[in-house]
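In what follows, a structure is listed as structure tokens, so that the remarks can point back to it.
Read-outs: derived from the displayed coordinates by stated rules, not from any lab. None of these values were measured; they are calculated from a predicted model. Methodologically, a virtual Cβ is constructed for each residue, glycine included, from the backbone with ideal geometry; neighbour enumeration extends over all protein chains shown.
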Amino acid sequence: MFDKSKNIRRIVSISAAAVCMMSALNFAPLNDRQVVDAAEDVMTAFEITEDMKIGWNLGNSLDSTTSSAHAGLETETAWGNPKATQEMIDAVKAKGFNTIRIPTTWYQHLDENNNIDPEWMARVHEIVDYAFNDNMYVILNVHHEEWINRPDLGTAYDEMSVKLKAIWKQIAEEFKDYDQHLIFEGMNEPRAAGTDHEWWGPQQDEVDTINKLNQDFVDTVRSVESPYKDTRLLMCPPYCASSDSTMMSTLKVPDDDYVAVSIHAYSPYGFAMDKESDHSTFSEAYATELETILNGIRKQFVEKDIPVVLGEFSASNYNNTEARCEWAEKYITLMKGYGIPCVLWDNDARGNEDQSEAHDYLNRDTLEWYEDSGQVIDTMMKVLADDSIKWGSTKYGIQYDHEDISKGTVLIKGPARIDASIENGNCTQNAIIKWKDIEGKDIAVEFIGDEPVLAFMDSNWENWTEVKAYDVDEKNGIAYFSSENIKNAWPVDISELNSICAKTNGVTTVGNIVAISASSVKPPEEDPEPEVPVYPAELSNRGDSNKMTAKFTGKAGTYANGCIGYMNGEDWESIEWEGTVDSDGNLVIEADISQIPDSVKDVQIQVWWSDTPLEFESYNFGDSEQTNPTTTTTTTAPDSQTTSTTTTTGTGITPSVNYGDTNCDGAVNISDAVLIMQSIANPDEFTLSEEGRIAGDVYKTGDGITNNDALVIQYVEIKTLSVADLPVDALPE
């Protein structure tokens, strides 16, 4: 799969011709709102998130609850804030915000049949209109819902699904004529409340429930007739909307071009909220931790062309205005570069006894911004106005050159399986290292499964310090840690550092942990074009035929499109095609080639899009015999007229089995093990070729491809086994 959206990309032989023309929606005043032709005048998901820029939460108002099972309009002021007014939203707009998130709790306003109290719906509608009157984006959600956040989250899906779909059907119908400036967020921070893992380490059935509820939300909104039912941006959270890499990785993003991931990040937690931490300065250690966390969000989603909206962020007011301003500058600079809009949490909790929840920015009684917190917001707005920082300019992150892990010094030899659900089982054995062993170097950790972190401690097992990877090679399963980041995070004299181990928040198999030379930075790639499969075909066998067919195989139901392209003199011309793989796994395309002049001797069969990978089988003309073309991959460079190609000749001859080479790249290494794990965990996304499936079956038990095959390949990687030993019928002792 090349691009999350199915926008057609036309690849012109040796040059690129890709033009995308979109215009923003005409936005009429509320009382004169006209339903525009949504099919002609529409923004993409990334255009919406870019236009949102920065938002403000109307926190602790419509999301407030009371002790009553059922309540009325009084809940809006139950937690001490005044009723929202048009003037309040005007003040938010005047400060520079152009997005309003309206956290809303619904369960206390439902009858026994899940019907929403009309008075409550009308009040929500009224506040949404306040923001629409100011031409702002609005995020409307379901917030403190006790029927979602419950200990039996993992087993209560059937009950929860009914209520979720009922609520969202009514909301979608109520606002069906509101354009793309209205955004829906399916849930707030869904989690197993009341358990010992409420905020950390969800169980698989809990993750499954959240993923199914997210899909229910999307399906329900899309089912309600509206000019915007297919183009309204919908936000879906992972478990507790966490920014932790392990929990983000559990999210199954619905296959929809207008879905954004909803993440909350009060980060770094030590600075932003933790009452026991030092908040007096925004230290280098805090800055490094923040960058690692936010980069993890970018890498998990945005880099893969999945938009993100950061629905909540803030740093509590510990009378540390200067430090919070430094935090705000760093935070918004990073997120602007990543192309992620951020929505500030404001609960107007000035004087709150729990200072960790003192997110006080707007005095809602006077509609004046508190002087200290107002400076924090002004810092954010200054970054957004700085034209030298381009929106989305670092979407694809910093690229690094890493030393080959085989050239490093092994600190801990693997493999070791660690599992956070097992008591005392979430860490590898520790190894003694000193600062001199890693100073000026990187530490590379081989892994399969959830991304590991490194933990360090002194000789007394004190000053436990955890550090996240600054870069992760997902293909080869290697996480990289910087000694500079380790030094910044270490709380005392660095010479006291004595031990190291790898830790997981999920389930991870850790290979070798190796000290390597410090990595260097590559120039960033602004917006790389996808690789496009191209299959050259000769017209020498065309004869008198005006029909050309080509056959692909793949997963049944896979949609694909592309073209048969050719150079007609100096002009590139193409015959477009599209189709769906049938139930037998075949896709046969037919094209009328009568328009191709006899002077044209070669054409290209191009695949612009496929939902899942396709295998090219053959092409032919009329009833002539099938031929087997050379396979070429064309990569189109952005804003360029050049391409690079790699070629492999198809012979139709089955090669001898290269055991272990699951990805068929000619080498046996950790990337082959990673592919096996990915194909087991997500077979729809990661498909093994038949050749790769045969080569990957290196643990001969008759069970086909299993996790043990990945483990055997990892033994090869660490030299416990050799490729010549494969396949094996028993694991090494």
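Assorted remarks:
- Residue (of LEU688, LEU367, VAL308) at the positive-pole extreme of the chain, dipole from beta-carbon charges: LEU688
- Taking packing as the residue-averaged number of other Cβ atoms within 10 angstrom, the listed peptides 51-62, 452-463, 481-492 run from highest to lowest as 51-62, 481-492, 452-463.
- Gained length - GLU276 relative to LYS434, 0.36 nm times residue gap less alpha-carbon distance: 54.0 nm
- Estimated FRET transfer efficiency (ASN541, ASP582; beta-carbon r; R0 25 Å; 0.05): 0.45
- The range 683-733-the range 93-158 distance, computed between alpha-carbon centres (Å): 50
- Taking only the C-alpha atoms of the range 44-385, the Rg (one decimal) and the largest Cα-Cα distance, Dmax (whole number), read 18.8, 54 Å.
- Mean Cβ neighbour count within 10 Å, used as a protection proxy, ranking 147-159, 179-191 highest first: 179-191, 147-159
- Within the shell of other residues whose beta carbon sits under 9 angstrom from the beta carbon of VAL507, the net charge comes to -1, with Lys and Arg scored +1 and Asp and Glu -1.
- Computed over the range 41-157: relative contact order in percent, which uses C-alpha pairs under 8 Å that are six or more apart: 30
- Order of THR77, THR49 - criterion: other Cβ atoms within 10 Å of each residue's Cβ, fewest first: THR77, THR49
- Each Lys and Arg Cβ is given +1 and each Asp and Glu Cβ -1; about its Cα centre, the chain then shows a dipole of about 800 debye.
- FRET efficiency, GLU590 to SER689 (Cβ-Cβ, R0 35 Å, nearest 0.05): 0.85
- Structural descriptor for the range 44-385: relative contact order 18 percent, calculated from alpha carbon pairs under 8 angstrom and at least 6 residues apart.
- Ordering LYS390, LYS468, LYS176 by the number of other Cβ atoms within 10 Å of each residue's own Cβ, fewest first, gives LYS390, LYS176, LYS468.
- Applying a length cut-off of 20 Å (Cα extent along the axis) and a mean Kyte-Doolittle floor of 0.0 to the DSSP H helices of the chain leaves 371-385.
- Spatial separation of Cα centroids for the range 567-608 and the range 370-434, in angstrom: 45
- Farthest toward the positive end of the dipole of the chain, out of LEU411, VAL534, ALA272, is the Cα of LEU411, where the dipole comes from beta carbon charges about the Cα centre.
- Label selected from (i) 16, 50, 32, 3, 0; (ii) 14, 42, 36, 8, 0; (iii) 15, 45, 33, 7, 0, the criterion being P(r) over Cα pairs in 20 Å bins from 0, in percent as computed here: (iii)
- Exposure proxy ranking, count of Cβ atoms within 10 Å, fewest first, for PHE97, PHE686: PHE686, PHE97
- A crude spin-label estimate for the pair GLU126 and THR77, with each label 7 Å from Cα along the Cβ direction, gives 1.2 nm.
- Helix-only CD estimate at 222 nm, as mean residue ellipticity for the chain, using -39500 (n - 2.57) per DSSP H run (n ≥ 4): -7000 deg cm²/dmol
- Relative contact order %, the chain, counting alpha carbon pairs below 8 Å whose residues are six or more apart: 10
- Backbone phi angles across the range 176-186, fed through the Karplus curve with coefficients 6.51, -1.76 and 1.60 (θ = phi - 60°), yield HN-Hα couplings of 4, 9, 7, 7, 5, 6, 9, 10, 10, 10, x Hz in residue order; Gly and Pro are listed as x.
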